[in-house]
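A short worksheet on the structure shown next.
The values are calculated or read from the model by the stated rules, or taken from the named source; none is laboratory data. No experiment lies behind these values; they were computed from the predicted model shown. Every residue, glycine as well, gets a Cβ built from its backbone with ideal geometry; the counts of neighbours run over all protein chains shown. Calculation scope for accessible area: heavy atoms of the full protein, side chains included, ligands and nucleic acids excluded. Shrake-Rupley method; radii C 1.70, N 1.55, O 1.52, S 1.80 Å.
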Amino acid sequence: MSEVKIIDVKDHINNWAGHQISIRKEENGDHDQINIQLEKATFEQRDAVDDYLADHVMFMHGKAYSTEDGESTELPSVLYEIPLDGISGINIDGSIISFTTNRGQYAIIKS
């Protein structure tokens with residue numbers, strides 16, 4: 001895992017603070033999209049005690065909404081967690097950041 005690349009991703013996302021972002025995740029054929037009025041992004045490295053928790057995590061802080069069938073539902077948490085273990089294929093292209101992790105493929109888009 002390249003710490004410099006993760007820091008670049010976090011710093012780029014923090015430049016979007018105050019804007020809405022969309023996080024699209026594909027995991028085992030399942031597609032999810034979350035919209036967040038972004039306050040900030042933070043990174044945490046920890047020693048996970050089980051396989052469910054990741055050792056490297058990026059947190060998106062802000063009001064979050066799930067979009068399904070054209071309807072938005074506010075999520076109860078103001079923190080969205082992206083596990084970064086096994087991150088690879090990082091691409092930063094203006095208003096789109098994409099990468100793959102052990103858990104799935106992600107695209108983070110500034111609206």
Quick one: how many residues across the range 18-41 are of a type in the set (Gly, Ala, Ser) and closer than 13 Å to Ile108 by Cβ?
2
Does any residue of the range 50-59 turn out to be in contact with a Phe, Trp or Tyr (Cβ under 7 Å, 6 or more places away or on another chain), at negative phi, surrounded by fewer than 16 Cβ atoms within 10 Å (Cβ to Cβ) and not aromatic (Phe, Trp, Tyr)?
no
Test: Glu44 is among the acidic types (Asp, Glu), surrounded by 12 or more Cβ atoms within 10 Å (Cβ to Cβ) and modelled with pLDDT of 90 or more
no
Being open to solvent by less than 30 Å² (accessible area, probe 1.4 Å), closer than 16 Å to Lys25 by Cα and in contact (Cβ under 8 Å) with a residue 60 or more places away in the chain is the requirement here; does Ile97 meet it?
yes
So how many residues does the range 65-94 have that are without any contact (Cβ under 8 Å) to a residue 60 or more places away in the chain and either among the charged types (D, E, K, R) or closer than 21 Å to Thr42 by Cβ (or both)?
15
Out of all the residues in the range 6-26, is one or more in a strand (DSSP E or B), acidic (Asp, Glu), touching a residue at least 40 places away in the same chain (Cβ under 8 Å) and surrounded by 13 or more Cβ atoms within 10 Å (Cβ to Cβ)?
yes
If a residue has to be assigned to a strand (DSSP E or B), more than 14 Å from the chain's Cα centre (by Cα) and of a type in the set (D, E, K, R) to count, how many in the range 65-111 make the cut?
4
